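Asks: Sharing a structure below in structure tokens format, with a few things to ask.
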Amino acid sequence: MSNPTKRQKQARILRIFRKVHRTMGALLFSFFFIISISGILLGWKKNSGGYILAETQKGVSSNLADWQPMDMLHQKALKIYRDSISATPNVEVDRMEIRTDKGIVKFTFVDDFWGVQLDGTTGKLLLIEKRRGDYIEKLHDGSLLDYYFGTQNGQFKLAYTSIMGVALFIFTTTGFWLWYGPKRMRKN
């Protein structure tokens, strides 16, 4: 293949990559904006002074033998939720995080991103927290739509992360070629 024909072919590839790069950038701008801002916030959540991620409190004892039974702590957390957060009769705990090193149990509730920290030994309320970090994480990975629409298998998250992952791969590839292609053409 002659040098001018090869150069024309390389230029045509560059134009295609530039068009793909520009079109995808325009179509997915808002999604990349949300991912970037939420990613920054998630990176800073432990350094937010307790605003994004509440500080983990400290209980009386880290010895599990001194702790109250988990069922009793669970019932106390549900009562605190009903008394202090919402009078909803059917409160559902999303997860319980046992922090033996701190002597506490964190209860995270399914509805409205609330959490309660209890002393494992005394059962005393240490903190009621608004779990902004959980909300930001769901926004970041697309599962916020699954949360609001009540889907069980994470179909929105799967579609969102797949689309954004493929888009990022294409952006990386086309961006590299838009940088390297002209250098290669000048060299030839």
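The values are calculated or read from the model by the stated rules, or taken from the named source; none is laboratory data. In this text the structure is predicted, and so the values were computed from the model without any measurement. Cβ: placed from backbone, ideal geometry, glycine included. Neighbour counts: every protein chain shown. Ligands, DNA and RNA are stripped out before the accessible areas are found, and what is left, the full protein with its side chains, is counted by its heavy atoms. Shrake-Rupley method; radii C 1.70, N 1.55, O 1.52, S 1.80 Å.
Asks: Just give me the residues in segment 104-149 being polar (S, T, N, Q) and out of contact with any Phe, Trp or Tyr (no Cβ under 6 Å at 6 or more places or on another chain), in sequence order.
Replies: THR108, GLN117, THR122, SER143 - these are the residues of segment 104-149 that are polar (S, T, N, Q) and out of contact with any Phe, Trp or Tyr (no Cβ under 6 Å at 6 or more places or on another chain).
Asks: Now a separate question. Quickly run through segment 18-56 and pick out the residues that are open to solvent by 100 Å² or more (accessible area, probe 1.4 Å), of a type outside the set (A, V, I, L, M, F, W, C) and farther than 21 Å from PHE107 by Cα.
Replies: Answer for segment 18-56, where residues must be open to solvent by 100 Å² or more (accessible area, probe 1.4 Å), of a type outside the set (A, V, I, L, M, F, W, C) and farther than 21 Å from PHE107 by Cα: ARG18, LYS19, ARG22, ASN47.
Asks: Also, I was wondering about something else. Across segment 25-63, what is the number of residues that are among the β-branched types (Val, Ile, Thr) and outside any helix (DSSP H, G or I)?
Replies: Selection size over segment 25-63: 3.
Asks: Could I ask something else about it? Scan segment 80-124 for residues that are on the phi > 0 side of the Ramachandran plot and open to solvent by less than 50 Å² (accessible area, probe 1.4 Å) and jot them down.
Replies: GLY103, PHE113, GLY123 - these are the residues of segment 80-124 that are on the phi > 0 side of the Ramachandran plot and open to solvent by less than 50 Å² (accessible area, probe 1.4 Å).
Asks: Further question on the same structure: Taking PHE169, is it without any contact (Cβ under 8 Å) to a residue 12 or more places away in the chain, open to solvent by 30 Å² or more (accessible area, probe 1.4 Å), under 30 Å from ASP83 (Cα atoms) and of a type in the set (A, V, I, L, M, F, W, C)? Let's see the steps before the verdict.
Replies: Details: without any contact (Cβ under 8 Å) to a residue 12 or more places away in the chain: yes; open to solvent by 30 Å² or more (accessible area, probe 1.4 Å): yes; under 30 Å from ASP83 (Cα atoms): no; of a type in the set (A, V, I, L, M, F, W, C): yes.
The answer is no for PHE169.
Asks: How many residues does segment 54-97 contain that are under 24 Å from the mean Cα position of the chain (by Cα) and farther than 20 Å from ARG132 by Cα?
Replies: 0
Asks: What is the number of the single condition among (1) modelled with pLDDT of 95 or more; (2) in contact with a helix residue (DSSP H, G or I) (Cβ under 9 Å, 6 or more places away or on another chain) that GLY59 does not meet?
Replies: Only one criterion in (1) modelled with pLDDT of 95 or more; (2) in contact with a helix residue (DSSP H, G or I) (Cβ under 9 Å, 6 or more places away or on another chain) is unmet by GLY59, namely (2).
Asks: Turning to a different aspect of this structure: Any idea which residue in segment 70-110 is nearest to GLY150 (Cα to Cα), counting only those that are basic (Lys, Arg) and in a strand (DSSP E or B)?
Replies: It comes out as ARG95.
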